[in-house]
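> To start, I am sharing the structure in question, which I have written as structure tokens.
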Amino acid sequence: MRIAVYPGSFDPFTLGHLDILERATGIFDKVIVAVLENPNKSPLFSVEERIEMIGESVAQNGNVEVDSFDGLTVDYAKKVGAGSLVRGLRATSDFESEFQMALFNRKLAPEVTTVFLMTSFANVFLSSSLIKEVARHGGNVDFAVPESVAKRLARLAENRGQ
Ligand code: PNS
């Protein structure tokens with residue numbers, strides 16, 4: 001069975017992420033979306049909330065699992081028996097850091113191959129950090145995120161307004 005890990009912060013999961021995930025499920029038998037537990041970042045959503053939102057966005061997809069991890073991504077990939085890491089590329093600006101990370105990961109674990117997938121043109125400008133910024137200032141980002149995420153962003157905005 002071909003298993004891939006799709007790692008990331010996913011704070012929050014966007015339609016760009018969903019696009020990459022759907023492409024990956026067409027290639028691999030199982031794709032594990034792995035949410036990084038990063039104590040150094042102060043996220044908008046907890047890891048549990050992110051897992052829940054991603055799960056709701058991919059509810060109809062049988063070959064997707066959602067999990068969290070800490071430590072090295074390649075160690076997690078080896079633990080779950082994944083031979084591939086999936087990363088999305090939006091523009092050439094993503095390339096440099098992704099290239100570095102892929103080669104570093106290859107040094108750490110030659111048996112794990114990074115696979116880059118390109119998002120559709122409609123999603124190339126989406127980024128979790130911009131989505132958070134716009135949402136924080138009351139802008140509508142419903143066009144950029146799955147419904148499960150839009151609902152929670154709206155709830156946060158309501159709570160701020162109280
Ligand atoms: O969504 P992001 O924040 O771009 O994802 C980055 C992520 C989680 C893939 C990367 O930071 C990562 O793999 N972190 C885990 C620690 C690790 O393995 N670092 C070495 C990378 S060479």
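The values are calculated or read from the model by the stated rules, or taken from the named source; none is laboratory data. Everything quoted here is computed from the prediction, not taken from an experiment. Quick reminder, even Gly has a Cβ in these numbers, built from the backbone with ideal geometry, and neighbours come from all protein chains shown. Surface accessibility is based on the protein's heavy atoms, side chains included, excluding ligands, DNA and RNA. Shrake-Rupley method; radii C 1.70, N 1.55, O 1.52, S 1.80 Å.
> What lysines sit close enough to Lys79 to cross-link, taking a C-alpha to C-alpha distance under 23 Å and skipping anything fewer than 8 places away on the same chain?
The qualifying lysines are Lys30, Lys107.
> For Arg155 and Asn38 in one chain, what is 0.36 nm times their gap in residues minus the Cα-Cα distance, to one decimal in nm?
39.7 nm
> Three principal axis extents, largest first, for the C-alpha atoms of segment 3-161, in Å?
Rounded to whole Å, the extents work out to 50, 32, 30 Å.
> Which whole-number percentage describes the relative contact order of segment 3-161, with Cα contacts under 8 Å and a sequence gap of 6 or more?
30
> Given a Förster distance of 22 Å, report the FRET efficiency between Ser129 and Thr92 from their Cβ-Cβ distance, rounded to the nearest 0.05.
0.75
> Something else now. Starting from the 7 Å offset along Cα-to-Cβ, what nm value, one decimal, do you get for the label separation of Ala59 and Asp75?
Here the answer is 3.6 nm between the modelled labels.
> What list of ³J(HN,Hα) couplings, whole Hz, do you get for segment 74-87 from phi and the Karplus terms 6.51, -1.76, 1.60, once you set θ to phi - 60° and write x for glycine and proline?
So the J values, rounded to whole Hz, are 5, 5, 5, 4, 5, 4, 9, x, 8, x, 9, 10, 9, 9.
> Rounded to the nearest 0.05, what FRET efficiency is calculated for Phe143 and Glu22 with R0 set to 22 Å and r the Cβ-Cβ distance?
0.80
> Under a 1.4 angstrom probe, counting protein chains only, how are Phe95, Phe116 ranked by accessible area, largest first?
Ranking Phe95, Phe116 by accessible area, largest first, yields Phe95, Phe116.
> Here's another thing I want to ask about it. So who's got an amide H within less than 5 Å of the one on Val5, skipping anything under 5 residues away but keeping other chains? H placed 1.01 Å off N, in plane.
Under 5 Å from the amide H of Val5 lie the amide H atoms of Ile32, Ser84, Leu85, Val86, each far enough along the sequence or on another chain.
> For the chain, which whole percent of the accessible surface, found with a 1.4 angstrom probe, sits on carbon and sulfur atoms?
Roughly 53 percent of what the probe reaches on the chain is carbon or sulfur.
> Can you work out the Karplus-derived ³J(HN,Hα) for every residue in segment 109-119? Use 6.51 cos²θ - 1.76 cosθ + 1.60 with θ = phi - 60°, whole Hz, and x for glycine or proline.
Per-residue couplings from phi come out as 8, x, 7, 10, 9, 7, 10, 9, 10, 9, 6 Hz.
> Taking 7 Å along the Cα-to-C-beta vector as the label spot, tell me the Leu103-Met118 distance in nanometres, rounded to one decimal.
Each label point is offset 7 Å from its Cα along the Cβ direction, giving 2.2 nm.
> Could you order Ser68, Ser93 by accessible surface area, starting with the largest, using a probe radius of 1.4 Å?
Listed by decreasing accessible area, they come as Ser93, Ser68.
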